[in-house]
Each structure stands twice: as structure tokens, then as C-alpha cells.
Amino acid sequence: MLDGMQGGTAATQDVFIEHVGIPTLAALPQAVQALQEEGLHRKVQLIVSGGIRNGADLAKCMALGADAVAIGTAALIALGDNSPHLDEEYRALGSAAGFYDEWQAGRDPAGITTQDEELAARLDPVLAGRRLANFIRVMTMEAQVIARACGKAHLHSLEPEDLVALTIEAAAMARVPLAGTSWIPGRGL
């Protein structure tokens, strides 16, 4: 399991958020390289998490060598967290719908990340399950569309050569060419 710095619910110390973690797409090529050096890539599953929010994120991870992804915050939102109909309650907590990220506090108005029985009773598990299933289905479809746009028949057929980066920093971190060039920063010209 590889967990990049974009993951989490802000329940950790600021020093970890700001100074310890590295971006998911920067960590992934390094993890793949380490597994390849040990002859273990594709022999052990590399599951990536940390900021995976849509089909494009999924496709990028697969192209860079992940076997699967895990979602956390995106799943919470799909279940119904941060719903606009609870905006007044989020504002009472000093936040707003779409911005609440103190799931660890146990005061979640949606009743998803709480041990408070009254709040937890608000969650309709059947409806929440349907929302989550729909999110995963759409996320998978988005990633499959991206794979097909790259001329691939299957999501697992994506590879780094199918990617380009829009900034020099992203190209260096993900070890893919800068868009419009064949240059990968750090690898010479």
C-alpha cells in the first residue's frame, strides 16, 4: 500500500501534512522502481491511495504502475458527507458544505464519521451505499474512457508512455515527458 500526502482527513499534525509526505504521483514511480529492482513488480500488488478523486486520477495511477487504487475522502463525500443540504450545520461547526474536513472530530452532521448515536442515525445506509456504488461505477467508466482514448483495450494496459505532464514540476515528479516535448526533467535532453 502506497499512501501519498494528498490522502487523509486533516486528522494528522501539520508537520506531517506540510513536511513529511510526498505527492502520490511522485511517490508511485519510485515505488514501482523499487519493486522492479527487487523483481517484485506485478508479483505483489501495489495499491495506491491519497487524493484519488476521479477516473483521471485512477487512470494516471494505473499508467504509472499501480495495480489498484483505494479511496477514502472521495468515498466519504460519495456517501453524503459535505452535502449542501447540511450547510447550516457545517457552518455551525465553523465550516461549510464542501469544506468540512474534520471527520476525526466525531461531530459530522451527515452521521458518517461519528460515534454519536443521534448523528449516526441520520445516515441512510442503503442510499449511501447506492451513492458510493454509483461513484465507483462512474469513476471506473471515466478511467476506461481514458484508456480507450489512449488506444488501450483495458485499463491495466495503460503505461507511463500514455502520459504527459503540463508543468516541469509534474513531469519531474511523475517521470513523464513535459507536454509537447520528449523531455523528462532530471533525465537530460
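Looking only at region 148-164, decide whether some residue is outside any helix (DSSP H, G or I), open to solvent by less than 90 Å² (accessible area, probe 1.4 Å) and at positive phi. Yes, because at least one residue in region 148-164 is outside any helix (DSSP H, G or I), open to solvent by less than 90 Å² (accessible area, probe 1.4 Å) and at positive phi.
Taking each residue of region 101-127 that is under 12 Å from Leu79 (Cβ atoms) and looking for partners that are open to solvent by 90 Å² or more (accessible area, probe 1.4 Å) and of a type in the set (Lys, Arg) with beta-carbon atoms closer than 6 Å, six or more apart or interchain, yields Gly111/Arg122.
Looking across region 11-39 at every residue that is surrounded by 12 or more Cβ atoms within 10 Å (Cβ to Cβ) and outside any helix (DSSP H, G or I), the one that is modelled with the lowest pLDDT is identified as Ala11. Residues in region 83-138 that are surrounded by 12 or more Cβ atoms within 10 Å (Cβ to Cβ), charged (D, E, K, R) and under 23 Å from the mean Cα position of the chain (by Cα) were compared, and the one that is nearest to Leu58 (Cα to Cα) is Arg131. Mind listing whichever residues of region 80-118 are assigned to a helix (DSSP H, G or I) and farther than 27 Å from Asp14 by Cβ? Passing the criteria: Pro84, His85, Glu88, Glu117, Glu118. Looking only at region 165-175, which residues are open to solvent by 40 Å² or more (accessible area, probe 1.4 Å) and under 13 Å from Leu25 (Cβ atoms)? Leu166, Thr167, Glu169, Ala172, Met173, Arg175 - these are the residues of region 165-175 that are open to solvent by 40 Å² or more (accessible area, probe 1.4 Å) and under 13 Å from Leu25 (Cβ atoms).
The values are calculated or read from the model by the stated rules, or taken from the named source; none is laboratory data. Remember, predicted model here, so these are calculated numbers, not experimental data. All Cβ positions, glycine included, derive from the backbone under ideal geometry; neighbour counts span all protein chains shown. With ligands, DNA and RNA removed, areas are computed over all heavy atoms of the protein, side chains included. Shrake-Rupley method; radii C 1.70, N 1.55, O 1.52, S 1.80 Å.
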